[in-house]
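Take a look at the structure set out below.
The values are calculated or read from the model by the stated rules, or taken from the named source; none is laboratory data. Values in this document were obtained by computation on a predicted structure and should not be read as measured data. Because the Cβ atoms are built from the backbone with ideal geometry, glycine has one as well, and the counts that use them run over all protein chains shown. Side chains included, ligands, DNA and RNA excluded: accessible areas come from the protein's heavy atoms. Shrake-Rupley method; radii C 1.70, N 1.55, O 1.52, S 1.80 Å.
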Amino acid sequence: MAHHHPIQPLEYGRRLWLRLTMGLTLLFLYAPIVVLVVFSFNDSRRNIVWRGFTTRYYEKAWNNDSLIEAFTNSLTIALISTAVSIVLGTMAAIMLWRFRFPGRSACEGVIALPIIIPEICMGVAMLAFFARTGWPTDLPWPLNLGAITIAHISFSFPFVTMVVRARLQRFNIELEEAARDLGASGWQTFRDILLPYMKPGLIAGALLAFTLSLDDFVITFFTAGPDQITFPVKVYSMVRFSVTPEVNAASTVLILITLLLTAIALWLQNRPRRGEIEAG
Amino acid sequence: MDKPRRNPRVFSLVAIPPSVWLLAFFLVPLTLVWAMSFGQKAGLIDIDYVWSLDNYARAMDPLYLRVFAKSFWFAALTTLICLGLGFVVAMSITFGPSRWRVPLLILVMLPFWTNLLVRTYALIAVFRTRGVVNGGLEQLWEWGNGLLAIIGLGHLELLGARFEPLQLLYNNGAVVAGLVYVHLPFMVLPLYASLDRMDRSCIEASLDLGAGHLRTILSVMIPMAMPGIVTGVIITFVPALGSFLTPDLLGGTDSQMIANVIERQFKSANDWPFGAALSFILMYVTFFAIALRAVWISRQRRLRGSL
Amino acid sequence: MKNKSGRGVSRRSFMAGLGAVAAGLKFAPGTVLAAEDKKLNFYNWDTYIGESTLGDFTAETGIDVTMDLYADNDELFAKLKEGNPGYDVIVPTNDFVERMITANMLEPLVGDLIPNIPNIDPTFRDAAFDPGRRFSLPYMWGTIGIGYRKSRVDGVPDSWKWLLDSDRYAGKVALMGDGTTMIQLTMKYLGYPLNDTDPAHIREAQDLLIRNKPNVKVFAEDNGQDLLLSGEVDICMEWNGDILQVMAEDDDIGYVVPREGGLLWQDCLCIPAGAPHPANAHQFINHLLDAKVGAEIADFIQYATPNAAARRLLPAEYNSNPAIFPPAETIRRSEVATYQGIEYTRAIDEAWTRVMAA
């Protein structure tokens, strides 16, 4: 009987119109995903019309070395890119939020550039750059993914900056001053006051950076050398012969893996820890 | 929250890594392409750096300006719809039970960890002439007919002689729907980040003082979430403007967006200087709009500060 | 400062070569100039190879092959334009072979290293786009024509009119998304040569396409055959191989090359300039031209093979399939696309942008 009390003013989550819109949006978002998963069991090479149930495409995907390799590459690049983007993006966000210095607006502008540049333009730019600087293309794995990862970081971290900055703009500076007054050092203030406050921004930024990297096609296509295949590029070049159920199977597995990783991350995060005080 | 540069060590710590990165791995490549935009094709591969504005002049042709205008229109529509839906979703997540917050967030993000191409094909499978939606509607139509037949009105063909499937694909509406589908999380995330730690007492106060929910949302919540809204708008509008896969796959015969034209320059037309010029025009315009906003904000801040 | 890498030895392949030499010197101190690494980077269209071809090659020669994919010639060209990032064998279509030869992007082939050349059908031993076959050897060939659903179309629609100039199948027509091909085939319909560069004719083609746009449902990006299969359209312009693949899944689908003539294409094996493993590349090309290997590939991907020795090993139903091997009359009327220079490319692109924007 716990939820049968009247709706509190701020409990928008329980209002009908909100729930309805949310529900419809989720339906819109997930209908194609469900179709995707269902069609991964389709017994038809061209995967246009349903012709019967089979799991052989999962086997095919499992045995498809280049698909698995593309998978692995994409995940690796996405993880590294997200990690570095978070660090760089947060640094840039703090720099812009905290300090007033000559050339600040110009700096803001430059950081916004990777967001507004058309992807194909950036792809060509990175291609030209790596070609003319003689970037080596035959390093062992995972170093050979370096060029792609660098390009991904370049276009991801400004997104993180924007998201974290939006969060920081509402930060109550008095909290920090209070901590200082109480004797906390700069680092302690950062770790115990600012960082927890930024957390939703960091999570949002990380999710954004991960998504951007995992799904990037255009820029990756131009910066990838031989034997540096990623999942979106592989899928795109398969399009000429249609998106077979194999690709659906691989995508389904990818979704499951990311779900698993996130569940683990959440579980790690929510484990009770000693002596934690939330700021604000 | 501006503080003067009293803390040089911290400043160098946060300023140097991102700046160096941007310089080496973004500005330098960009300059290469920027120089290209003033050049001219000389043969199949080479580019003559003649430092002329010919490419920019060619881009001012009404043909390309019309494509720019259409792209802006599509992107604006997409952003508006994403803003509406995104705000509702962000509100649902923020003001819902707190243990559902991150799971719901993940739920919203999850479709976007699927490859865009595969997702778009799945979208096509749902909306095409013999897809899921039309299949369902056809089923309903048949049941409707069955019902009419039972009550004796079957011969009147009230529902039409034949089931007419909805043409949900290969038109401009499909492109906008596809763009919304792709860009929704880019709107939700900053909105969520902004709404999450909003000071609820203001909202409660507004409600206590007698304002209805709608009024509260419009006059209190939205202004307080403005930084998140603006961020969301920017990171939705701009990529939407530059997308070419979605109009390619879902569009009809007149859904060409500017990014498609640019893509063609870098590929089949093999005219990289012109493609570079078009890209830079796109960037200058967007940049200009963002700069305008920054100027407006700093003026607002100065006004508020002087009160 | 222009970078001339890609012609001759690119800096990248030089470094790679150095690496190979160093590796060779390290592991085989007795050898003088070490052989190449046992590796090959193959850049190809997707599924455009036999099921076990690569594995067989590795088993035979010990050379490890990695196959990367591209989806159209423009991508291939764009990737290689700034210098070869390390590919050894590529498979461009004939007009791109021409482009690449003009731009010095290909290595000349050493005939002595490819003893299987005599397997090739005599008609393919020379080509207008590569006189003397110095840079390319034929891999597969085919046509572009009309795919249609037999039950929804009157008879056999053997004219481009039904796609380009008629409202008979309004709303159920799919054309190609590639401007060059579209304009070229419209030229064929208008009675001009495929490669006509006359600006007045280009404008005529452009206007016709714009006039007829209301009847077209979509400019399909390589998936016209899927639209046909799913019933989204009833008639489309497509490559013969693509239609053949959906014909295998649906008997109601047919293919025809219109009587005005279609487009003849030929995909060729080439070695891009600056390839890090040219000797391995020659070996690989030779392997692909082997009769048995060629037959396996053709049987798997169902395209027309120019390899006469391979054809002799293939079943009758392959050799007599009119969708794969069109009648001589059709071939006579169809044309091959050629590279016409920069002005033509720009004119076509502008015309196509107008068509798309109208």
Any idea which of (1) in the same structural domain as C:Lys38 (by TED's automatic domain parsing); (2) at pLDDT below 90; (3) surrounded by 18 or more Cβ atoms within 10 Å (Cβ to Cβ) is the one C:Val293 doesn't satisfy? (2)
Reported set for region C:335-345 where residues are in a loop (DSSP other than H, G, I, E, B) and β-branched (Val, Ile, Thr) is C:Thr338
What number of residues within region C:65-89 satisfy the criterion of being part of a strand (DSSP E or B), without any contact (Cβ under 8 Å) to a residue 40 or more places away in the chain and more than 8 Å from chain A (Cβ to nearest Cβ)? 0
Lone unmet requirement of (1) modelled with pLDDT of 85 or more; (2) facing chain A (nearest Cβ under 8 Å); (3) crowded, with 20+ Cβ neighbours inside 10 Å for B:Leu27: (3)
Of C:Arg332, C:Arg354, which residue is within 10 Å of chain B (Cβ to nearest Cβ) and in a helix (DSSP H, G or I)? C:Arg354
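This table checks each residue for (1) in contact with a Cys (Cβ under 7 Å, 6 or more places away or on another chain); (2) within 14 Å of chain B (Cβ to nearest Cβ); (3) within 23 Å of B:Gln265 (Cβ to Cβ).
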| site | (1), (2), (3) |
| --- | --- |
| C:Trp160 | no, no, no |
| C:Leu163 | no, yes, no |
| C:Ser166 | no, no, no |
| C:Ala174 | yes, yes, no |
| C:Asp178 | no, yes, yes |
| C:Asn195 | no, no, yes |
| C:Arg203 | no, yes, yes |
| C:Arg211 | no, yes, no |
Scan region B:75-94 residue by residue and report those that are open to solvent by 10 Å² or more (accessible area, probe 1.4 Å) and among the hydrophobic types (A, V, I, L, M, F, W, C). B:Ala76, B:Leu77, B:Leu80, B:Ile81, B:Leu83, B:Leu85, B:Phe87, B:Val88
B:Thr216 vs. criteria at pLDDT 85 or above, part of a helix (DSSP H, G or I) and among the hydroxyl-bearing types (Ser, Thr, Tyr): no
Could you identify the single residue in C:Asp158, C:Asp178 that is charged (D, E, K, R) and farther than 23 Å from C:Glu350 by Cβ? C:Asp158
Please go through region C:47-64 and pick out each residue that is touching a strand residue (DSSP E or B) at 6+ places or on another chain (Cβ under 8 Å) and either open to solvent by less than 30 Å² (accessible area, probe 1.4 Å) or not in a helix (DSSP H, G or I) (or both). C:Tyr48, C:Ile49, C:Phe57, C:Ile63, C:Asp64
Name the single residue, out of those in region B:30-44 being over 29 Å from the mean Cα position of the chain (by Cα) and not aliphatic (A, V, I, L, M), that is farthest from the other protein chains (Cβ to nearest Cβ). B:Phe38
Hey, B:Leu107 within 10 Å of chain A (Cβ to nearest Cβ), open to solvent by 50 Å² or more (accessible area, probe 1.4 Å) and within 21 Å of B:Thr236 (Cα to Cα) or not: yes
B:Gly210 versus (1) at the interface with another protein chain (Cβ under 8 Å from one of its Cβ atoms); (2) over 22 Å from A:Ala166 (Cα atoms); (3) free of Cβ contacts under 8 Å to residues at least 40 places away in the same chain: which is the lone unmet condition? (1)
Hey, can you tell me all the residues within region A:120-142 that are under 21 Å from the mean Cα position of the chain (by Cα), in a helix (DSSP H, G or I) and more than 7 Å from chain B (Cβ to nearest Cβ)? A:Met122, A:Gly123
Would you mind stating whether B:Asn171 is open to solvent by 30 Å² or more (accessible area, probe 1.4 Å) and more than 9 Å from every other protein chain (Cβ to nearest Cβ)? yes
For region A:145-263, which helices (runs of 4 or more DSSP H) that fit wholly inside it have 2 or more residues that are more than 13 Å from chain C (Cβ to nearest Cβ) and at pLDDT below 85? A:146-168, A:173-181, A:186-189, A:195-215
Tell me, which helices (runs of 4 or more DSSP H) lie completely within region B:226-303 with 3 or more residues that are under 14 Å from A:Ala112 (Cβ atoms)? B:226-241
On the given criteria, is B:Pro17 within 12 Å of chain A (Cβ to nearest Cβ) and over 24 Å from B:Phe244 (Cβ atoms)? yes
Can you find a residue in region A:67-90 that is facing chain B (nearest Cβ under 7 Å), open to solvent by less than 50 Å² (accessible area, probe 1.4 Å), out of contact with any strand residue (DSSP E or B) (no Cβ under 8 Å at 6 or more places or on another chain) and more than 29 Å from A:Ile257 (Cα to Cα)? no
Scan region C:280-288 and tell me whether some residue there is open to solvent by 10 Å² or more (accessible area, probe 1.4 Å) and of a type in the set (A, V, I, L, M). no
Among the residues of region B:193-225, which ones are under 21 Å from A:Ile203 (Cβ atoms) and surrounded by fewer than 16 Cβ atoms within 10 Å (Cβ to Cβ)? B:Asp199, B:Arg200
Please indicate, with yes or no, whether at least one residue in region C:90-103 is surrounded by 14 or more Cβ atoms within 10 Å (Cβ to Cβ), within 14 Å of chain A (Cβ to nearest Cβ) and polar (S, T, N, Q). yes
Given (1) small (Gly, Ala, Ser); (2) over 30 Å from B:Leu241 (Cα atoms); (3) modelled with pLDDT of 85 or more, identify the lone condition not met by B:Gly96. (3)
